[in-house]
Amino acid sequence: MSNRHVVGVGPTGVGKASARQYYILFGLVPFNEVDTLRMADGLNGYAVESSFSLTDFMLMPILLPLTSTSRTVTVQK
């Protein structure tokens with residue numbers, strides 16, 4: 001599952017950057033903040049995709065006893 005948001009005219013194909021967003025209390029409270037504007041390097045057109053990836057699925061047995069979850073945030077430039 002994923003959410004995609006396009007900013008400006010969208011990505012130009014320059015590259016992409018990824019980071020992991022962690023949540024505690026089963027997704028109610030964000031643990032860290034992913035700065036998508038800094039990941040976009042000041043570009044006016046980019047796309048932000050927040051998804052539950054295979055890596056997030058594999059982290060689930062470790063994080064769930066701690067009431068934590070994660071999602072992957074990708075910025076396509």
(request) Give the residues of segment 28-41 that are aliphatic (A, V, I, L, M), surrounded by 12 or more Cβ atoms within 10 Å (Cβ to Cβ) and part of a loop (DSSP other than H, G, I, E, B), sorted by residue number. (result) VAL34, ALA40
(request) Just name the residue that is surrounded by the fewest Cβ atoms within 10 Å (Cβ to Cβ) out of those in segment 64-77 that are of a type in the set (A, V, I, L, M, F, W, C) and more than 22 Å from ASP35 (Cβ to Cβ). (result) LEU66
(request) Give the residue that is farthest from the chain's Cα centre (by Cα), with candidates limited to residues of segment 1-27 that are at pLDDT below 90 and closer than 19 Å to ILE62 by Cβ. (result) PHE26
(request) Could you tell me which of the residues ALA17, ALA47, ALA40 is in contact with a helix residue (DSSP H, G or I) (Cβ under 9 Å, 6 or more places away or on another chain), touching a residue at least 24 places away in the same chain (Cβ under 8 Å) and among the small types (Gly, Ala, Ser)? (result) ALA17
(message) Take LEU25 and tell me if it is farther than 21 Å from MET1 by Cβ, aliphatic (A, V, I, L, M) and loosely packed, with under 15 Cβ neighbours inside 10 Å.
(response) no
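Looking at segment 46-55, which of its residues are surrounded by 13 or more Cβ atoms within 10 Å (Cβ to Cβ) and at pLDDT 90 or above? Please lay out each step first, then the result.
Kept after step one, since they are surrounded by 13 or more Cβ atoms within 10 Å (Cβ to Cβ), are these residues of segment 46-55: 46-53.
Matches in segment 46-55: TYR46, ALA47, VAL48, GLU49, SER50, SER51, PHE52.
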(message) All but one of (1) in contact (Cβ under 8 Å) with a residue 60 or more places away in the chain; (2) among the polar types (S, T, N, Q); (3) surrounded by fewer than 14 Cβ atoms within 10 Å (Cβ to Cβ) hold for ASN3; state the number of the condition that does not hold.
(response) (1)
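The values are calculated or read from the model by the stated rules, or taken from the named source; none is laboratory data. Since this is a predicted model, take the numbers as computed values, not measurements. Note that each Cβ is placed from the backbone with ideal geometry, even for glycine, and that neighbours are counted across all protein chains shown.
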